[in-house]
Amino acid sequence: MERRDVVIVGSGPAGAATALGLAARAPALAARSVLLEKARHPRDKTCAGGVIPKAVRLLESLDVPLTVPQARVDHAGVALPGGRELAVDAQLAWTARDRGVEFREEERVTHVARDGAGVRVETSRRTYWTPVVVGADGSGSLVRRALVGGGGVTARAVMCDVPVAATSWTGFAGRRYDFDFSACRTGLRGYRWAFPCLIDGVPHANVGVYALPPACGTRLRTELATELARLGTTAVAWKAFPIHAYVGAPRLTAPHALLVGDAAGADPLMGEGISFALEYGLLAAEAICAAHGTGDWSFRGYARAVERGPLGRKLHRLGLATRLFYGPRGRLWFRLAALSPRAQAIGLAWYNGVDGWDRRNAFAALAALFKRF
Ligand SMILES: Cc1cc2nc3c(=O)[nH]c(=O)nc-3n(C[C@H](O)[C@H](O)[C@H](O)COP(=O)(O)OP(=O)(O)OC[C@H]3O[C@@H](n4cnc5c(N)ncnc54)[C@H](O)[C@@H]3O)c2cc1C
């Protein structure tokens, strides 16, 4: 059995950010940690991965500048009822490895269980023992199911990539992403999207649908076909994904275990998760360093820091917006939002974390709404 001070399961943005946070705060601890990934980077992923300004800032704070090919987006087209090609996760994981965290790919975690004053982690290659395991293993998190337990809701997304040349879409040339909430009118708790992105240097539209339950697969595929028709093209091969959304107050920790990123819960309103994954990871690194100092492995402080700090406050507000916009009076809320371009601008700045807007309270937003923005 191999002993490690920290075992991080999953090398998406959340796991890699945790590793980078450890490397920045406690290089010796980072050197005794391991980052495990069942796949190999760069993973075979469809496009999508819009990175909001907040995520770009967090990447800069980790000293990881975005060097992946990207399609710049300057504005959003939003339809109310009534991209980038991204290998950010690969870049982050490789940077964590360069900064001293051992990174083992093609090693799937198959079983985790509490074992004395720590956790035993079994993988497709070996067995580890560690005082702390980080569940950064995405929406279907094994660590969550085995050690932490319930909470959250599983949303779904379907998406595909279409060469722009095969469409009549102006979004790529116009550096625009399109969000279309019009299907909320007929009960969809989500939206359709089209993002510009580059695949092997070729302009593509990443087209998809995000929905919270109870949307079924057939409904999602019908909405995808509608969006493709709007772009003047027809169905191509698509992929479906679960997205574990932060709804209510999901459990984030157990003794010797903590969850980050989608394993903990992504934005329920839009399914955005990269900026949250980075924030979770940085908080987790801080909590792990503290636990190694104090010997308190409950991680209650981490759960409090997430829930009561800016990250949790934003997720809770997104939960409120989800209940309003996707609820029975959704049409009214969309109509109200459509009335005020200023409210829309504030909402977008808050969502994107521009100029620290997501750290301001509701009074600041109201003051800006009625005075100046
Ligand atoms: C269709 C779709 C479109 C999206 N578009 C956007 C977008 O435009 N912008 C945005 O911000 N977010 C978007 N998201 C959400 C975003 O992708 C996630 O929030 C983000 O990737 C979460 O990072 P993570 O590290 O928590 O999880 P993941 O990125 O899912 O990484 C988890 C990692 O764990 C590994 N893993 C899983 N199980 C094991 C195991 N047993 N053993 C070892 N390794 C394991 C996986 O291989 C994976 O590498 C989208 C999601 C989907 C599904």
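The values are calculated or read from the model by the stated rules, or taken from the named source; none is laboratory data. Just so we're clear, the structure is a prediction, and the values are computed from it rather than from any experiment. Here Cβ is always computed from backbone atoms with ideal geometry, including for glycine, and neighbour counts include all displayed protein chains.
Points worth noting:
- Residue under evaluation M270, criteria (1) crowded, with 21+ Cβ neighbours inside 10 Å; (2) in contact with a helix residue (DSSP H, G or I) (Cβ under 7 Å, 6 or more places away or on another chain); (3) not polar (S, T, N, Q), criterion not met: (2)
- 1 or more residues within 11 Å of the ligand (Cβ to nearest atom) and of a type in the set (K, R): qualifying strands (runs of 3 or more DSSP E) within region 83-167: 102-104, 153-163
- Among residues of region 337-366 that are within 17 Å of L269 (Cβ to Cβ), those with a Cβ under 7 angstrom from a residue that is of a type in the set (S, T, N, Q), sequence gap 6+ or separate chain, pair up as A337/Q344; G353/S275.
- Contacts under 8 angstrom Cβ, first residue in region 101-122 being over 14 Å from V6 (Cα atoms) and of a type in the set (D, E, K, R), partner in a strand (DSSP E or B) and more than 15 Å from the ligand (Cβ to nearest atom), 6 or more apart: D115/W129
- For region 286-308, a residue qualifies if it is among the polar types (S, T, N, Q) and buried (at least 19 other Cβ atoms within 10 Å of the Cβ), but none of them does.
- Any chance D98 is over 21 Å from the mean Cα position of the chain (by Cα), modelled with pLDDT of 95 or more and not aromatic (F, W, Y): yes
- Complete set of residues in region 325-373 that are aromatic (F, W, Y), surrounded by 13 or more Cβ atoms within 10 Å (Cβ to Cβ) and more than 27 Å from E279 (Cβ to Cβ): F334
- Enumeration of residues in region 129-140 that are over 18 Å from L22 (Cα atoms) and touching a His at 6+ places or on another chain (Cβ under 7 Å): S139
- For beta carbons closer than 7 Å, sequence separation of 6+ or different chains, a first residue in region 125-146 that is under 19 Å from L282 (Cα atoms) and a second that is of a type in the set (S, T, Y) and buried (at least 23 other Cβ atoms within 10 Å of the Cβ), the qualifying pairs are V134/T18; G135/S141; A136/T18.
- Hey, L224 surrounded by 23 or more Cβ atoms within 10 Å (Cβ to Cβ) and within 16 Å of the ligand (Cβ to nearest atom) or not: no
Each row is one residue, and each column tells you yes or no for (1) aliphatic (A, V, I, L, M); (2) modelled with pLDDT under 95.
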{"site": "W238", "(1), (2)": "no, yes"}
{"site": "P250", "(1), (2)": "no, yes"}
{"site": "M270", "(1), (2)": "yes, yes"}
{"site": "L283", "(1), (2)": "yes, no"}
{"site": "A287", "(1), (2)": "yes, no"}
{"site": "W297", "(1), (2)": "no, no"}
{"site": "G309", "(1), (2)": "no, yes"}
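- Extreme residue, nearest to A290 (Cα to Cα), among residues of region 27-80 that are at pLDDT 70 or above, outside any loop (DSSP other than H, G, I, E, B) and away from the ligand (no atom under 14 Å from the Cβ): L29
- Lone qualifier among F276, F241 - being in contact with a helix residue (DSSP H, G or I) (Cβ under 7 Å, 6 or more places away or on another chain) and within 15 Å of the ligand (Cβ to nearest atom): F276
- Breaking point among (1) farther than 24 Å from L252 by Cα; (2) surrounded by 22 or more Cβ atoms within 10 Å (Cβ to Cβ); (3) of a type outside the set (D, E, K, R), for T170: (2)
- Pick from region 234-255, criterion surrounded by fewer than 19 Cβ atoms within 10 Å (Cβ to Cβ) and of a type in the set (V, I, T), ranking: farthest from V132 (Cα to Cα): T234
Let's see how each residue does on (1) touching a helix residue (DSSP H, G or I) at 6+ places or on another chain (Cβ under 9 Å); (2) of a type outside the set (V, I, T):
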position: E102; (1), (2): yes, yes
position: G118; (1), (2): no, yes
position: S141; (1), (2): yes, yes
position: R144; (1), (2): yes, yes
position: T154; (1), (2): no, no
position: C160; (1), (2): yes, yes
position: A165; (1), (2): no, yes
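- Qualifying residue in region 176-199 (condition: of a type in the set (D, E), in a strand (DSSP E or B) and surrounded by fewer than 22 Cβ atoms within 10 Å (Cβ to Cβ)): yes
- Considering region 200-221, the residues that are more than 21 Å from the chain's Cα centre (by Cα) and closer than 14 Å to A166 by Cα include one that is farthest from the ligand (Cβ to nearest atom), namely V202.
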